[in-house]
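Step one of this worksheet: look at the structure below.
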Amino acid sequence: MLLIHCPYCDETLPEMEFAYAGEAHVARPVDPSRTTDEEWRDHLFVRSNTRGPHAERWRHVHGCARFFNAVRDTVTDRVLATYPAGSPRPDLPGKDTP
Amino acid sequence: MTRFSAAALVRNALNGQTGWTAQWPDAEPKGAYDVVIVGAGGHGLGAAYYLAKEHGITNVAVIEKGWLGGGNTGRNTTIIRSNYLYDESARLYDHALDLWEGLSQELNYNVMFSRRGVMMLAHNVHDVQSFQRHVHANRLNGVDNRWLTSAEAKDHCPPLNISADARYPVLGAALQKRAGTARHDAVAWGYARAAAARGVDIVQNCPVTAIRRGADGAVEGVETARGLIRAKKVAVSAAGHTSVLMDTAGVRMPLESFPLQALVSEPVKPCFPGVVMSNAVHAYMSQSDKGELVIGSGTDQYTSYSKRGGLPLIEHTLAAICEIFPIFSRMRMLRKWGGTVDVTPDRSAILGTTPVPGLYVNCGWGTGGFKATPGAAHTLAHTVARGEPHAINAPFTLDRFRTGRLIDEAAAAAVAH
């Protein structure tokens, strides 16, 4: 079971309080009418699927109900950091190791 | 390799079991092959077998990072069915089912394929309408599937709770009688033995670290823990790690890897016929030939390569199982495990060519790859040998995520594929 720290409630709580909401920092195309099929494919369907530290969205559904981001190592399942939605991904040591 | 037969059994019974030989050699990799297949699961080994048998390509290596059949082939709940909604899926999975039926004879290896039936429970009006639509679509495609009333469902599976005040009332069910289960390890071993007998090298404990491309962009081979292995054709059949591997060839995949868990109970006497699935509550169950109740559910909610999942999911699944089959509420669970499944956005596989010349991929089977094993392997071998799609795998392109021509089983089945 994951233990996740909600940055708004400032509490570390079990996974059951939260809903996973996919990869974080996926930017929507700025000008949809000029976006090519390849760009739409990348935006809609292609994800980094990182093996290692992965930035992802979570929602504290059974708490404050707000979205936030987390960096979690997808090999160990340890949550390395959580931060409010809209903030940049924090620089963690060794975050790019596969 | 000794051919298995009644005569061989008798001969070895009389000579003290001394006549058996190793089923396949553990090969050292050569420097180059015509085809390298990454991943010695059922899909990869099967593709090697069909390459050798149907296309005469025997200079083939199957490279495996761990042990043979130790990935999702050895971790699934062995359900085989073909009652998919869309024409493309029905053709692919029914092709696999056709091959399953003759597989033990074909491989001279008992894969214990058992047509014990797969029954899907409808718990609400939406389920009833959706499953009846599936039944009709399946019949139009020549795929066996029939509608049962709740009494007929209970008749088929006596442990089922169909009382009106049940937490998950059973309003009916769809039954595919031709569906069933097989022995998962035996599928990998049978294909390995039959492929090795035709000259295929099976290399275990040899992680592929990268796919190497030449100056012209075409595949040159794979870099492994035991050095470079050259091949003009490489087929990736690496399940949950496909996107990691394809990244090294510069191909980004529409895949996400999730943990999928399963568990078994202590073994008990035969008490549970066939496979019963409940898509609405994410739980399915069958009884193995050893007597264990084999229980599975949907994936965990987050991506992971940990090969572990969270306990909340197991708790949810078992709560549903106890509601649907109250007689099992005091069963003790023996063990649980997890695998890493690669899931596509439309929940259909990707099977065929890639933008890289000489690079082929077989992935995205999500939670339901085992049932497709012979069909995926057979059509992948065709595609690798000819460099073009097989009629059956042609719709399952990587390019469909660009064109929008999705095969949206995600909407059709939603869960428990």
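The values are calculated or read from the model by the stated rules, or taken from the named source; none is laboratory data. The structure presented is a predicted model; accordingly, all values stated were derived computationally and were not measured. Cβ placement follows ideal geometry from the backbone for every residue including glycine, while neighbour counts extend to all protein chains displayed.
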Right, residue B:182: among the hydrophobic types (A, V, I, L, M, F, W, C) and either farther than 26 Å from residue B:79 by Cα or within 14 Å of chain A (Cβ to nearest Cβ) (or both) or not? no
Subset of the stretch B:58-112 that is among the aromatic types (Phe, Trp, Tyr) and in a helix (DSSP H, G or I) - its residue that is farthest from residue B:131 (Cα to Cα): B:100
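Assess whether residue B:134 counts as being part of a helix (DSSP H, G or I) and more than 24 Å from the chain's Cα centre (by Cα). Step through it out loud before you land on a result.
On the way: part of a helix (DSSP H, G or I): yes; more than 24 Å from the chain's Cα centre (by Cα): no.
The answer is no for residue B:134.
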Return the residue satisfying two criteria in turn: it lies in the stretch B:318-354 and is polar (S, T, N, Q) and within 14 Å of another protein chain (Cβ to nearest Cβ), and of such residues it is surrounded by the fewest Cβ atoms within 10 Å (Cβ to Cβ). B:354
Among helices (runs of 4 or more DSSP H) completely within the stretch B:327-417, the ones holding 1 or more residues that are at pLDDT 95 or above are B:373-386, B:400-403
All but one of (1) part of a loop (DSSP other than H, G, I, E, B); (2) surrounded by 14 or more Cβ atoms within 10 Å (Cβ to Cβ) hold for residue A:1; which doesn't? (2)
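Of B:359, B:406, which residue is surrounded by fewer than 23 Cβ atoms within 10 Å (Cβ to Cβ), within 14 Å of another protein chain (Cβ to nearest Cβ) and more than 18 Å from the chain's Cα centre (by Cα)?
B:406
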Residues (in contact (Cβ under 8 Å) with a residue 40 or more places away in the chain and hydroxyl-bearing (Ser, Thr, Tyr)) located in the stretch B:376-405: B:379, B:397
Within the bounds of the stretch A:71-78, is there any residue that is closer than 21 Å to residue A:7 by Cα, surrounded by 15 or more Cβ atoms within 10 Å (Cβ to Cβ) and touching a residue at least 40 places away in the same chain (Cβ under 8 Å)? yes
Pick out, from the stretch A:8-64, the strands (runs of 3 or more DSSP E) lying fully within it that include 1 or more residues that are under 24 Å from residue B:343 (Cα atoms) and more than 8 Å from every other protein chain (Cβ to nearest Cβ). A:19-23, A:53-59
